[in-house]
Amino acid sequence: MAWRRFETFLGGIVLPDDKRATRGRAIAAAPVPRRLRVPLDVCGLGDATAEVGADTVVRAGERIGIAGGRLPVFSPVDGIVWGLATAELAGEPPGTTLCQAVEIVPSANQSLAAAEKAAAPAAEVAAMEDPDTILEQIAAAGLVTCSRPVMPLADWVEAARTANADTIIANGLENEPCLTADHRMLIEHGASVVDGLLLAARAIGASRAALAVDVHSSGRYRRAAERAEELGVEALALERKYPAGHPVMLTRIITRRTVRPGGKPLEVRVGVLDIATCLAISRCITTGEPMTRRVVTVAGRGASMPGNYLLPLGTPAGDALAIERVDPAAGALVWCGGPMTGARLEGDRMVIGPASSAVLVLPASGEQPPSVCIRCGWCTDQCPVRLNVAELNDLYELGQVSRAARYDVQACIGCGVCSYVCPASIPLAARMTRLKMAAKALGPTAPRRRAHRD
């Protein structure tokens, strides 16, 4: 099956690839951590309750807690419960995801290798048509979305149904440097990813399902392309341009529907899921596997053996680095997620969560301190949502939040392109984020001025 080439968009940039170290490495099972801190509330639902106590023997896949009275949590390993602890999800803003966790000491001599089962035939997957049955199994397995913001997948399905979503897109672009977890999942489990996409489409009642990937890698995804053709899923190849993989941009490119400033694709009847979530759906429906682990890229110039690893949820982020025997150089940054949108790892309570796509060792920034804006206009020229970033930066410096709201600062998608291209090293992305938060706190504003440029 040939991948259909799709158009690009105005603005954005082509980032350095920097994936050579891990792109060709198959997904490997991680060594069993010495201790896990399995978070009970990855979605911030509140009212998280542990259903096991100290010295309880647990088995992999056994239910150990519940969040919000409806999202079950399962043990990723065989082991003994040490007690309750606190954990913070790596890759999220510090302090925003602090939650209760069950601390488990894994049993010795167990392997975390994926117990791969044969993929269900295409005809069998296509026959799974009852949306409510699919939704019930997703809810029972405690599936959540594996990209930020993390939310119960059952809630996402209900929201998509309420929105009458007619299109669902699996986002396989992964166009930030260093990240290759999605790439490896598409190569090794492409058929299952497409199965999960189709099942999600059935669950929400979407008539159109599409798998979007990087055109430069599409030739490697033969299994995914063949399965897509069997199941009637569109296979789309997009140009390598950042941030094409952002849900708002992906929606505009593929459907030509524009999401309102600060809105979500579901508001224009489009659902966007990441590759890890699609794979989790397939495994849940066809094998009964709950949400207990995810594939994480471990890479960076400080990694002696970079690769992609299947890590249990709750793995301490420091242990993820120990897989590679990393000894970061003085001043190096330990980072979770992509270099453009991730966050620095700080503290010893951070653990791998559903949206922790990578643990990277990045060189210390060599940028100069911010200087005065030189009015080059590069930030405005390259903004993918066509905001006048230079003018918004002026409003930030003047403290004019209400005017910034009228200039659609809420449309900023936080991609970081403006900061990346700024020759004056002004932290524009961070300023836009602060402006967005301040504008949101103001509530409704006066009618907007046209913020998007032709």
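Values in this text are rule-based calculations from the coordinates and carry no lab data. Since the structure is predicted, the reported quantities are computational estimates derived from the model, not experimental observations. Here Cβ is always computed from backbone atoms with ideal geometry, including for glycine, and neighbour counts include all displayed protein chains.
Figures for the structure shown
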| item | result |
| --- | --- |
| The chain - convex hull of alpha carbons, volume per residue in Å³ | 140 |
| Protection-proxy order for peptides 23-31, 267-275, 192-200, 46-54, each taking the mean of Cβ atoms within 10 Å per residue, highest first | 192-200, 267-275, 23-31, 46-54 |
| For Ala30, residues with placed amide H under 5 Å, excluding near neighbours | Leu310 |
| Using alpha-carbon coordinates, inclination of helix 275-287 to the longest axis of the chain, degrees | 20 |
| Extension reserve of the Arg63-Asp394 stretch, reckoned as 0.36 nm per residue once the Cα distance is removed | 113.9 nm |
| Spacing of the two label points (7 Å from each Cα toward its C-beta) at Arg260 and Ala424, in nm | 3.3 |
| Under-5 Å amide H pairs with Val351, H placed in peptide plane, nonlocal only | Glu88, Leu89, Ala90, Ala317 |
| Table column - 3J(HN,Hα) (Hz), the stretch 426-443, Karplus curve with 6.51, -1.76, 1.60, x for Gly and Pro | 6, x, 5, 4, 5, 5, 5, 5, 5, 4, 4, 5, 5, 5, 5, 5, 6, x |
| Burial order of peptide ranges 98-109, 159-170 (average beta-carbon count within 10 Å, highest first) | 159-170, 98-109 |
| Degrees, to the nearest 10: 222-231 long Cα axis against longest axis of the chain | 90 |
| Size of the stretch 142-283 as Cα extents on the principal axes (Å, biggest first) | 36, 30, 26 |
| Helical mean residue ellipticity (222 nm; -39500 (n - 2.57) per DSSP H run of 4+; nearest 500) of the chain | -8500 deg cm²/dmol |
| Relative contact order %, the chain, counting alpha carbon pairs below 8 Å whose residues are six or more apart | 19 |
| Cα→Cβ-extended label distance, 7 Å offset, between Asp47 and Ala438, nm | 3.7 |
| Distance between modelled label sites at Val14 and Ser371, nm, 7 Å Cα→Cβ extension | 2.8 |
| Whole-Hz ³J(HN,Hα) from phi, Karplus 6.51 cos²θ - 1.76 cosθ + 1.60, for the stretch 100-105, glycine and proline x | 5, 9, 9, 8, 10, 9 |
| Calculated FRET efficiency for the pair Leu98/Ala29, C-beta based, R₀ 30 Å, to 0.05 | 0.55 |
| The stretch 68-84 - phi-based ³J(HN,Hα) in whole Hz, Karplus 6.51/-1.76/1.60, Gly and Pro as x | x, x, 8, 10, x, 10, 10, 6, x, 9, 6, x, 10, 6, 7, x, 9 |
| Whole-angstrom Cα spans of the stretch 378-442 along principal axes, big to small | 31, 21, 15 |
